[in-house]
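**Student:** Got a structure for you, questions after.
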Amino acid sequence: MLEDKVAIITGGTRGIGLEIVRLFKKNKAEVVLFGSKKETVDNAIDALKKEGLIVRGYYPNLNNPNEVEQVMKEINDKYGHIDILVNNAGVSSHKKIEDTTYEDFTNIININVNAIFNVSKSVIPYMKKRNSGVILNTSSMVSITGQPSGIGYPTSKTAVNGFTLSLARELAPFNIRVNAVAPGIIDTDMVSNLSKEMIEPLIKTIPLGRIGKTLDIANAFLFLASDMASYITGVILSVDGLARN
Ligand code: NAD
């Protein structure tokens, strides 16, 4: 589904991001993963190699415009084009507001929102030049429902939705599609850190009766990245077993 496409996936070293890397690669894209440090990037590349999947990796500071621009230039010089960006890196929180410091709050906004602005801005010139591109963002079910703790996280993901809707309008004239996937509760490290008391009542509220798998989410990204979604832009696609209550 992605033959001849070059795709960059942030937070591609584990969880949902790693599954997207795997699935895009299996669908014949050239995949470049971004991680937060050399060690995790190297480990992910080695693990994928053992599965017969060859990818490149970088670890720019996603909040540093110069660093990200330099890496984008390197990728564009190597492949000649950049077709797909998946802004997947993210952090969450479950602290109560009285335990959340100003730094805790701004750290979440920095990674979940400001970095998406920075990384997207750096690929747009390459996409505009070819009058073609796809930017996909990772939102969350809690951007719609809110959550009873970790105030910075739903705040950041609601901002991701606003960013997605507006950028879709701004870039539509250049044939660049911008969409988001809003996962529900997905089986990754982010969720395995939560207590049983927190997770079990949540599962009971999901009509499809289970938490999601990383592949459930990667499949949605694959569809939106592919030409099958060529008339879809500005959509926040919920993939959550209808857990929005
Ligand atoms: P995860 O914690 O397993 O992976 C997060 C990824 O983001 C990692 O690869 C990590 O290296 C990267 N990352 C974090 N901070 C970074 C930084 N400062 N710089 C660069 N990279 C950084 O989490 P996941 O569950 O796979 O989450 C992936 C995305 O999906 C996130 O945006 C998350 O908010 C979103 N999401 C997850 C769930 C869920 O239930 N797991 C639900 C809704 C949305």
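The values are calculated or read from the model by the stated rules, or taken from the named source; none is laboratory data. Not measured: the values here are computed from a predicted model. Here the Cβ is made from the backbone with ideal geometry for all residues, glycine too, and neighbour counts use every protein chain on show. To get the accessible areas, we keep the full protein, side chains included, count just its heavy atoms, and leave off ligands, DNA and RNA. Shrake-Rupley method; radii C 1.70, N 1.55, O 1.52, S 1.80 Å.
**Student:** For an R0 of 25 angstrom, estimate the FRET efficiency from the Cβ-Cβ distance between residue 198 and residue 242 and round to the nearest 0.05. Each step should come with its number before you reach the end.
**Tutor:** Numbers: r = 20 Å, r/R0 = 0.79.
Between residue 198 and residue 242 the formula returns 0.80.
**Student:** For the chain, what is the accessible area per residue in Å² when the probe is 1.4 Å?
**Tutor:** Per residue, the chain has 49 Å² of solvent-accessible surface.
**Student:** How do the peptides 207-220, 74-87 rank, highest first, by the average count of neighbouring beta carbon atoms within 10 Å per residue?
**Tutor:** Values: 207-220: 17.3, 74-87: 19.3.
Answer by packing, highest mean first, reads 74-87, 207-220.
**Student:** Search the structure for amide H atoms under 5 Å from the amide H of residue 178, placed 1.01 Å from N in the peptide plane, and list their residues when 5 or more places away or on another chain.
**Tutor:** Counting only residues 5 or more places away or on other chains, the set is 135, 234.
**Student:** Hey, another quick one. Under a GNM of the chain (C-alpha, springs under 10 Å), which listed residue has the highest mean-square fluctuation: 25, 129, 121?
**Tutor:** 129
**Student:** Further, regarding this structure: Efficiency by 1/(1 + (r/R0)^6): what FRET value for residue 132 and residue 61, r their Cβ-Cβ distance, R0 = 25 Å, to the nearest 0.05?
**Tutor:** 0.35
**Student:** What residues have an amide H closer than 5 Å to that of residue 86, excluding those fewer than 5 places away on the same chain, when H is modeled at 1.01 Å from N in the peptide plane?
**Tutor:** 8, 9, 10, 136
**Student:** I'd like the chymotrypsin sites (Phe, Trp or Tyr not before Pro) in segment 158-245 restricted to DSSP loop residues with at most 11 other Cβ atoms within 10 Å, sorted by number.
**Tutor:** Of the chymotrypsin sites (Phe, Trp or Tyr not before Pro), the ones in loops of segment 158-245 whose Cβ has at most 11 other Cβ atoms within 10 Å are 231.
**Student:** For residue 189, put the label point 7 Å out on the Cα→Cβ axis and report which residues of segment 70-90 keep their amide N under 19 Å from it.
**Tutor:** 87-90
**Student:** Which whole-Hz ³J(HN,Hα) couplings does segment 51-62 yield from phi under the Karplus relation 6.51 cos²θ - 1.76 cosθ + 1.60, θ = phi - 60°, glycine and proline marked x?
**Tutor:** Result, rounded to whole Hz: 8, x, 10, 9, 9, 9, x, 9, 9, x, 6, 5.
**Student:** From the convex hull of the Cα coordinates of segment 105-245, what is the mean projected area in square nanometres?
**Tutor:** Numbers: hull surface 34.7 nm².
Here the figure is 8.7 nm², rounded to one decimal.
**Student:** Given +1 on the Cβ of Lys and Arg, -1 on the Cβ of Asp and Glu, and no further charges, what dipole in debye does segment 6-239 carry about its Cα centre, rounded to the nearest 20?
**Tutor:** Dipole magnitude for segment 6-239 comes out near 600 debye.
**Student:** Would you list, by chain and number, the lysines whose Cα falls below 26 Å from the Cα of residue 25, excluding same-chain residues fewer than 8 positions away?
**Tutor:** Answer for residue 25, where 26 Å is the Cα cut-off: 5, 37, 38, 49, 50, 73, 78, 121, 128, 129, 213, listed by chain and number.
**Student:** Follow-up. Over segment 156-245, what is the relative contact order in percent, taking alpha-carbon pairs closer than 8 angstrom and at least six residues apart?
**Tutor:** Values: 104 pairs, mean separation 39.8, N = 90.
Averaging sequence separation for qualifying contacts and normalising by length gives 44 percent for segment 156-245.
**Student:** A further question on this structure: Roughly how many nanometres apart are two label points built 7 Å out from the Cα toward the Cβ at residue 79 and residue 166?
**Tutor:** About 2.8 nm, to one decimal.
**Student:** Normalise the Cα radius of gyration of the chain by 2.2 N^0.38 Å (N = residues in it) and let me know the number.
**Tutor:** Details: Rg = 17.2 Å, N = 245, 2.2 N^0.38 = 17.8 Å.
Its radius of gyration relative to the 2.2 N^0.38 Å reference: 0.97.
**Student:** Once Lys and Arg get +1 and Asp and Glu get -1 on their Cβ, which of 232, 11, 126 lies farthest toward the positive end of the dipole of the chain?
**Tutor:** The residue sitting most towards the positive pole is 232.
**Student:** Please give the net charge around residue 221, taking every other residue with its beta carbon less than 12 angstrom from that of residue 221, where Lys and Arg add +1 and Asp and Glu add -1. Before the final figure, lay out the partial values.
**Tutor:** On the way: positive: 22; negative: 19, 216.
Combined, the nearby Lys, Arg, Asp and Glu give -1.
**Student:** Could you tell me the calculated FRET efficiency between residue 223 and residue 28, based on Cβ-Cβ distance and R0 = 22 angstrom, to the nearest 0.05?
**Tutor:** Numbers: r = 15 Å, r/R0 = 0.70.
Efficiency for this residue pair is about 0.90.
**Student:** If you roll a 1.4 Å probe over segment 6-239 with all protein chains in place, what percent of the accessible area is carbon or sulfur?
**Tutor:** Working: 6120 of 11340 Å².
With neighbouring chains kept in place, the figure for segment 6-239 is 54 percent.
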